[in-house]
Amino acid sequence: MTLFWAAVIGVGIGFLGGLLGKGGSAIATPLLHAIGIPAIIAVAAPLPATIPSTMVASWAYWRERLVDWRVVRWSIGFGVPATAFGALLTRWISGGVLVAVTDVVLVGLGARLLIGVGARDSEPVTSGADLSPWSLAALATVVGLASGLLANGGGFLLAPLFVTVLRLPIKSALASSLAVASVLAVPGTIVHAALGHIDWQLVAVFGSTSVPLSFLGARVALRTDPHRLERLYGAALVVLGVVFLIIR
């Protein structure tokens, strides 16, 4: 039954990941832990499935020429080593702490999305060509470190930060986030596998449902008002984060 519910979770995570430019690990971790997966396994298990699911969803956006490749290159260049370092630090940090941090991040991110969507409508947008390399490097380093610590591809941070900090157009932010997350998940997966944190049977079951649905989510996002989607997603993150913090 645990693997069955992991497959069900994969369906929702895959769809939401493609829909909102995120790998979905931040949501998958507390959900997997809630169905009885040990904390550190719940932290690490969604990460390998993030690689194919984000690549599949990114392809849907790439076909529409929405990926900002300058942002992607800088984010990968600084984010990959930071991700490996963050994943290595989990050797000395308990899984329970990381699950709790993930829950708090869900609440904060959801609140940020809910508060910021309307305010951003009147702000000017930009592109990767207009951005300072140092801004891109600093953002990628911070996100990479968090990605490694929380065992996710960073998409749950990248997409909103690309919008709120770099002021990219929303769909370009979602597209670029997925492209970067697919690469940032690789070093984290390698380190967590070396540390023995990954249950590959769980990964196979979770990935078998999340990967196909990620493409569908991306296609729906391309045909839907992204601001409305962010508001709904922000509300869902706040509710999920609060519930998980209460029941933990």
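Restricting attention to the range 114-146 and to residues that are surrounded by 13 or more Cβ atoms within 10 Å (Cβ to Cβ) and outside any helix (DSSP H, G or I), the residue that is modelled with the highest pLDDT turns out to be 131. Each residue in the range 40-63 was checked for being surrounded by fewer than 21 Cβ atoms within 10 Å (Cβ to Cβ) and modelled with pLDDT under 85, and 0 pass.
Per-residue answers, yes or no, for (1) over 16 Å from the mean Cα position of the chain (by Cα); (2) surrounded by fewer than 16 Cβ atoms within 10 Å (Cβ to Cβ); (3) more than 30 Å from residue 74 (Cα to Cα); (4) among the acidic types (Asp, Glu):
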position	(1), (2), (3), (4)
192	yes, no, no, no
212	yes, no, no, no
215	no, no, no, no
227	yes, yes, no, no
242	yes, yes, yes, no
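Counting only helices (runs of 4 or more DSSP H) that sit completely within the range 1-88, those holding 3 or more residues that are more than 20 Å from residue 109 (Cα to Cα), in contact (Cβ under 8 Å) with a residue 40 or more places away in the chain and under 13 Å from the mean Cα position of the chain (by Cα) correspond to 46-62.
The values are calculated or read from the model by the stated rules, or taken from the named source; none is laboratory data. Note that the coordinates shown come from a computational prediction; the quantities given were computed from them, not determined experimentally. Cβ: placed from backbone, ideal geometry, glycine included. Neighbour counts: every protein chain shown.
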